[in-house]
Structures are given as structure tokens and as C-alpha cells.
Amino acid sequence: MFGIEAYPGILLALGTTIDAAMGRFPIVGNTAASIEGGAIHLLIEDEIVYGTVSGGIFTADEVYGRGALGSSAKAHRAGVSISALRSAIFTVERVTAREVHLNKPLPRSFAGAPFRVGSVGGGLSGRFEIAGGGGRGDVVSFHCLAATLARGFTVEGQGSLSGGSHGGFIAFGAMESNVRLNRISGCGRPDRGLGGSVWIFGRSQANRVDVGQVVDGHAAWLIDDKSFGLSYYGLEGAPHDNVIAFADVTAHDLEGQLTGGINNRVEVGRADTRKASVIIDTGVSQVTDPRPPRGNVITTSMRMRPFSPQGDGLMQNRVSSD
């Protein structure tokens, strides 16, 4: 459900005193790195507002902007705190004639919140190849295969992915998926420093991805708390308790990068990458209040080049070669 849960990594304040009708006002804080990615819900005291932010100026939507999602438009003093509201993820446990029962309590009362529905179960099996659209430089798909708001998605058999511009397999708001693939190749844009052959983000949790060969890309794996501010879907947040296991990684710029994740595990058998590096950082360029990664374990059994872990988040995590 969109716009009902405060995101703890963004700290902002109201730049001027406003009345209940004002539709344009300044916001104090690093909005460029946090909330200027598109339309967004914000919480000012107990009022929800909806609109866009550009150059630190909020412009309310003409129809739904002030007093959004069942709240009431009110006056607010300069300096009061503003929270960015992300989406809350639920699993529907049962439905009766008049009620929908969720797996956890709602964070607040609201009315008319938009929502998006994912799937429970489902998957792929057998022998298959999913191609993202051709060689680099051509028009290609953003990814080859995605588990988006999926729970319990499974992939098994003899599968391969190739040619996704930003990812081979991505997990976005996914939970408890189990994906096994033979090969991922040619995914990402090394010329632009973009993409991961496997990319887990958007609060994904308890997923496992096993791949035999991972060939030719920018990063073999990405586990990412945020991507250029709070997005339209509002699913940002630390991925946690995910496992990525690769038998062999070759022809990538770097092994992988982790930003803000918790208790994730990456296991690589052999790695021969151009930079022989793992980056673990706090995402300081993407949030106003960095969320340090912690409890993550990155292990590679054999590296073919001298190894150089990097980033400002190394202290509470473990990166090693067996």
C-alpha cells in the first residue's frame, strides 16, 4: 500500500509556515538525494500531502495534494519535521465477506491509498533461456527475470538469462524466493558502471539465488538499500537475510556491491573480475541519514587477482577469502 509508512532514512523539515490551503512551499534538507525522484507522499505532523519536489520546493498535486489519504489539511509552523512515506508490504492471510486479514498491523489509519498486488507462489521450471533484447547499445529490457512483490517464487531446471540492461535476475520487494539458474551473461552496462547480474533491493528478504556461471557484466551481484532517492513505488529499505551463491564469476568490473543491507550472505566459488573488488557502503549519497549495513558475510573461495575491499561500511560486516 502506497504512502502509509514512514521511511527512517530521510530527515527533512518544513521551510516556512503554511496554512491549510498553500500548495507550494520549501522543504529543508537534502531533497535532491532523497525525495526528488517523482511523486511522493510526505507526513507533516498528522497531515499527509502528495506531490512532487524540485529544487527543494514541494508542489502539491492539484486534486489529492493537501489532506491526502483521509487526513485533514492544516496549518503548520516552519521547522516542524517532515517524514517521507514509503509503501508498506503485507501478505493477505485470509478474506471474509467484509474483511481482509493481513499478516501485520497497519502503521496508521488512512483512506483511499493506492495499492499494488503481487503473487504468492508461482515460478518457472524446465529448460529455458530469457534474452533481454540483444547486444549492448541496442534497445534492451531493464531486466530478464524479476520477482516483484512476490512471495515464494521458484525457478528450477536448466535456465539462463542474458542481455538485461540493468539486471539478469532482480528481486524487488520479494520474499522467500528460491531461484536456481545455470548461467547469467551480458547483463548490466559496464561502459556506464550500471547493473548487476543479480540485483536484490526494495526491502527484499529471505530470498536465495544460486547460479552456476555468471559472465560479462558490471557487478556480479548488487544488494541495494536505495537507488537515487525514494522511488514511485516507495519500496526502499534494507534487504535482509538473503543468500546469493555463484559457482564461477568472470569478466565483470567488480564482484559486487552492498549498500545498507542486513544479515545477507554472498558465497562465490571462483572470481576472476577486472577490479577484484567488493564494495560495502552506507549509501551516504542517497539518503540524509545513512543506514549502515551490518551482519553481512561475503565469502569467495578463490580470487584470481589481488583483492581490495572498499567502502565506508566494512566495519560491521565480513569480507573474506577462504
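Numbers at a glance
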{"quantity": "Selection from region 233-280 of residues that are modelled with pLDDT of 85 or more, open to solvent by 30 Å² or more (accessible area, probe 1.4 Å) and within 19 Å of the chain's Cα centre (by Cα)", "calculated": "240, 241, 257, 262, 263, 265, 279"}
{"quantity": "Test: residue in region 90-107 that is under 21 Å from residue 238 (Cα atoms) and under 17 Å from the mean Cα position of the chain (by Cα)", "calculated": "yes"}
{"quantity": "Matching residues in region 200-221 - criterion: being closer than 22 Å to residue 157 by Cα, of a type in the set (S, T, N, Q) and open to solvent by 30 Å² or more (accessible area, probe 1.4 Å)", "calculated": "213"}
{"quantity": "Qualifying position, being in contact with a His (Cβ under 6 Å, 6 or more places away or on another chain), open to solvent by less than 80 Å² (accessible area, probe 1.4 Å) and among the hydrophobic types (A, V, I, L, M, F, W, C), among 42, 85", "calculated": "85"}
{"quantity": "Residue selected from region 54-80 under the condition of a type in the set (Gly, Ala, Ser), closer than 21 Å to residue 2 by Cβ and under 29 Å from the mean Cα position of the chain (by Cα), by the criterion surrounded by the fewest Cβ atoms within 10 Å (Cβ to Cβ)", "calculated": "54"}
{"quantity": "Strands (runs of 3 or more DSSP E) within region 1-59 that include 3 or more residues within 11 Å of residue 85 (Cβ to Cβ)", "calculated": "40-44, 47-54"}
{"quantity": "Index of the failed condition, residue 3 passing every other in (1) open to solvent by 50 Å² or more (accessible area, probe 1.4 Å); (2) in contact (Cβ under 8 Å) with a residue 12 or more places away in the chain", "calculated": "(1)"}
{"quantity": "Some residue of region 61-81 being modelled with pLDDT under 95, assigned to a strand (DSSP E or B) and β-branched (Val, Ile, Thr)", "calculated": "no"}
{"quantity": "Matching option when the condition is surrounded by fewer than 22 Cβ atoms within 10 Å (Cβ to Cβ), modelled with pLDDT of 90 or more and at positive phi, among 112, 152", "calculated": "152"}
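Yes or no, residue by residue, for (1) in contact with a helix residue (DSSP H, G or I) (Cβ under 8 Å, 6 or more places away or on another chain); (2) without any contact (Cβ under 8 Å) to a residue 12 or more places away in the chain; (3) under 22 Å from residue 208 (Cα atoms); (4) in a strand (DSSP E or B):
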{"position": "93", "(1), (2), (3), (4)": "no, yes, no, yes"}
{"position": "116", "(1), (2), (3), (4)": "no, no, no, no"}
{"position": "141", "(1), (2), (3), (4)": "no, no, no, no"}
{"position": "158", "(1), (2), (3), (4)": "no, no, yes, yes"}
{"position": "161", "(1), (2), (3), (4)": "no, no, yes, yes"}
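The values are calculated or read from the model by the stated rules, or taken from the named source; none is laboratory data. As the structure is a prediction and not an experimental result, all values here were calculated from the model. Backbone-built Cβ (ideal geometry, glycine too); neighbour counts: all protein chains shown. Ligands, DNA and RNA are stripped out before the accessible areas are found, and what is left, the full protein with its side chains, is counted by its heavy atoms. Shrake-Rupley method; radii C 1.70, N 1.55, O 1.52, S 1.80 Å.
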